[in-house]
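Down below is the structure, laid out as structure tokens.
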Amino acid sequence: MSLLVVGSVALDDIETPAGSVKSVLGGAASYFGVAASFFVPVPVRVVAVVGEDFPEEHVKFLASRGLDLAGLQRVPGRTFRWGGRYGASLNQRDTLFTELGVFEHFEPKIPPAYRDSEWVFLANIQPHLQRSVLEQTRAPRFSAMDTMNFWIEGARDELAKTLAVVNGLVINDEEARQLTGESNLVRAADAIRALGPRVVIVKRGEHGALLFDDDGVFAAPAFPLREVRDPTGAGDSFAGGLMGALASHGALDSDALRRAMIHGAVLASFCVEQFSLDGLRNLTRGDIDARFEEFRRLTRF
Ligand code: AMP
């Protein structure tokens, strides 16, 4: 079993009502890879790019979580940097800055040893680059992607071409509405499934996530936390938990997808309890299993 993620590895500045941090480890591929690493017994394969300023301690941390970093390119220039600020509700965030740096010319090169990856996650990058990753792999069992408003507005045709060849889409509610023009999320998911992906997952922040597949709809709550310090990376941690759980189970039926949704929600809940990836740093499989059981109690009636 092999799991590949392609996306950003970044340095983030984050401000939330609980505090602020500067130049901390971020990026979709970092959150995804670390979250997934708790599920799969083999190293999660990462394809990303960083600049010369990327601290070695972050490389060491990612490697310590068993990530396979052979596909992490280090090139001259500055690492992708992103700054975000959250208001009191934590549901809304303002992007303070996006400095693309070496990410601007990122072209994912899938090392030959990664081309047989059975499970592939295309984090938020240009849709044509997401498609190029799929073209470089040999028919994965399941491929899923994320996207964002920027590509929905500016690269709609490319996005449609990529949606036509991917198996799953993980998207937030506002983007699902924007992509389809449907304000109703059930209709929006139907419309997205008509574009290609068999599995559509709509993330709704603190309100949880909805799964739409051949068997209908499944709702996963978000874990009710007493304190949320930093929502950054929740979506990517969700996707990492979901894909990691699917890959480790090796099945794609509705039961497996539903369990994987809860594993995604578990990882997202640990992520938002701390800044950056700190909520995932000292996590154990025991912590994950205990919270999975708490989810059972939360939803049983
Ligand atoms: P999320 O909170 O799930 O949207 O993920 C936030 C992470 O995505 C942060 O660590 C950022 O470094 C990264 N990020 C923000 N904007 C972009 C972008 N345009 N492309 C790729 N990654 C991004």
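General remarks:
- Any hit, segment 254-261, residues being open to solvent by 10 Å² or more (accessible area, probe 1.4 Å), free of Cβ contacts under 8 Å to residues at least 40 places away in the same chain and more than 24 Å from Val9 (Cα to Cα): yes
- Whichever residue in segment 37-57 is assigned to a helix (DSSP H, G or I) and over 19 Å from Val272 (Cα atoms) and, among such residues, is least open to solvent (accessible area, probe 1.4 Å): Glu56
- Pairing each residue of segment 235-251 that is more than 18 Å from Asp173 (Cβ to Cβ) and within 16 Å of the ligand (Cβ to nearest atom) with any residue that is among the small types (Gly, Ala, Ser) and outside any helix (DSSP H, G or I), provided the two are 6+ apart or on different chains, yields C-beta distances under 9 Å for Met243/Ala144; Met243/Gly168.
- Only residues that are more than 10 Å from the ligand (Cβ to nearest atom), assigned to a strand (DSSP E or B) and touching a residue at least 40 places away in the same chain (Cβ under 8 Å) were counted across segment 87-96, and they come to 1.
- If the condition is being surrounded by 16 or more Cβ atoms within 10 Å (Cβ to Cβ) and not in a loop (DSSP other than H, G, I, E, B), then segment 106-128 contributes Tyr114, Trp119, Val120, Phe121, Leu122, Pro127.
- Applying the condition of being surrounded by fewer than 18 Cβ atoms within 10 Å (Cβ to Cβ) and part of a loop (DSSP other than H, G, I, E, B) to segment 1-31 and asking which residue is farthest from the ligand (Cβ to nearest atom) yields Met1.
- Any chance Ala160 is open to solvent by less than 70 Å² (accessible area, probe 1.4 Å) and in a helix (DSSP H, G or I): yes
- For segment 52-86, a residue qualifies if it is over 24 Å from Ala36 (Cα atoms) and more than 14 Å from the ligand (Cβ to nearest atom), and the qualifying residues are Glu52, Asp53, Val75, Pro76, Gly77.
- Against the list (1) crowded, with 24+ Cβ neighbours inside 10 Å; (2) assigned to a strand (DSSP E or B); (3) in contact with a Lys or Arg (Cβ under 7 Å, 6 or more places away or on another chain), the condition Val34 fails is (2).
- Count - residues of segment 185-238 that are open to solvent by 70 Å² or more (accessible area, probe 1.4 Å), out of contact with any strand residue (DSSP E or B) (no Cβ under 8 Å at 6 or more places or on another chain) and part of a loop (DSSP other than H, G, I, E, B): 5
- Exactly one residue out of Gly279, Gly264, Gly244 is part of a helix (DSSP H, G or I), of a type outside the set (A, V, I, L, M) and more than 21 Å from Val42 (Cα to Cα): that is Gly279.
The values are calculated or read from the model by the stated rules, or taken from the named source; none is laboratory data. A quick note: this is a predicted structure, and the numbers were derived from the prediction, not measured. Note: ideal-geometry Cβ built from the backbone for every residue, glycine included; neighbour counts use all protein chains shown. Keep in mind that these areas ignore ligands, DNA and RNA; they rest on the heavy atoms of the full protein, side chains included. Shrake-Rupley method; radii C 1.70, N 1.55, O 1.52, S 1.80 Å.
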